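Input: a single structure, listed below in structure tokens.
The values are calculated or read from the model by the stated rules, or taken from the named source; none is laboratory data. Just so it is clear, the model here is predicted, and its values are computed rather than measured. Please note: Cβ atoms are built from the backbone with ideal geometry, for glycine as well, and neighbour counts cover all protein chains shown. Ligands, DNA and RNA are stripped out before the accessible areas are found, and what is left, the full protein with its side chains, is counted by its heavy atoms. Shrake-Rupley method; radii C 1.70, N 1.55, O 1.52, S 1.80 Å.
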Amino acid sequence: MPYLAQRDQHQTLEWLHGGLFTVLLDSQATEGKLTVGLFDVPKAEAPPFHLHTREDEVFFLLKGEALVWAGDERHELSEGGIVYLPRNIPHSYRITSDRADLLLITTPGGIEEMFRHAGRDITTPRPDGFEITKDRLAEAAALRGNLILGPPR
């Protein structure tokens, strides 16, 4: 097998609004071809309106409901729905159900660097007052050529 990992081998990071992001496949495991991750996030979780200059992105909503913005368009996404966001398309989402699980796939790989830079590995002690600030998020986004365009929608 070129790569195999069991559930307890995945890295899970604390993310925005108390959500979690689990890195299932990173660019190292896929020779840079893609990143696959899983979000487990609460109601109202919403990243800033942003765009990716290097990655195309797919979100598959495994559980829950969300609003998705792509450019000026707003769409409702229900359980089992999927979104493809080519690079350079401004986008965001907001979770509208109590919780949601979203599968993230980006190509090429590498976006996990952003999550690792701003997030916190949950296997390490949580520093007092840990928070992903706007500045920390912008710094992490810039590492991958992502641009934050505005506040969450």
Which distance in Å, rounded to a whole number, links the C-alpha centroids of the stretch 1-21 and the stretch 33-56? 14 Å
For the stretch 3-52, the accessible surface attributable to carbon and sulfur atoms (probe 1.4 angstrom, ligands and nucleic acids excluded) amounts in percent to 52 percent
In the neighborhood of R144, defined by Cβ-to-Cβ distances under 15 Å, what is the net charge if each Lys or Arg adds +1 and each Asp or Glu adds -1? -3
Summing -39500 (n - 2.57) over the DSSP H runs of n ≥ 4 in the chain and dividing by its residue number, what mean residue ellipticity at 222 nm do you reach, to the nearest 500 deg cm²/dmol? -3000 deg cm²/dmol
Cβ-defined net charge surrounding G109, 11 Å radius [Lys, Arg +1; Asp, Glu -1]: -2
Taking the solvent-accessible surface of protein heavy atoms with a 1.4 Å probe, what is the per residue accessible area of the chain in Å²? 54 Å²
Listed highest first by mean packing, meaning other Cβ atoms within 10 Å per residue, what order do 96-107, 76-87, 121-132 come in? 96-107, 76-87, 121-132
Let me make sure I get this right: for the stretch 1-145, a, b and c are the square roots of the gyration tensor eigenvalues over alpha carbons, sorted descending. Under 1.5 in a/c it's rounded, otherwise prolate if a/b > b/c, else oblate. Which is it? rounded
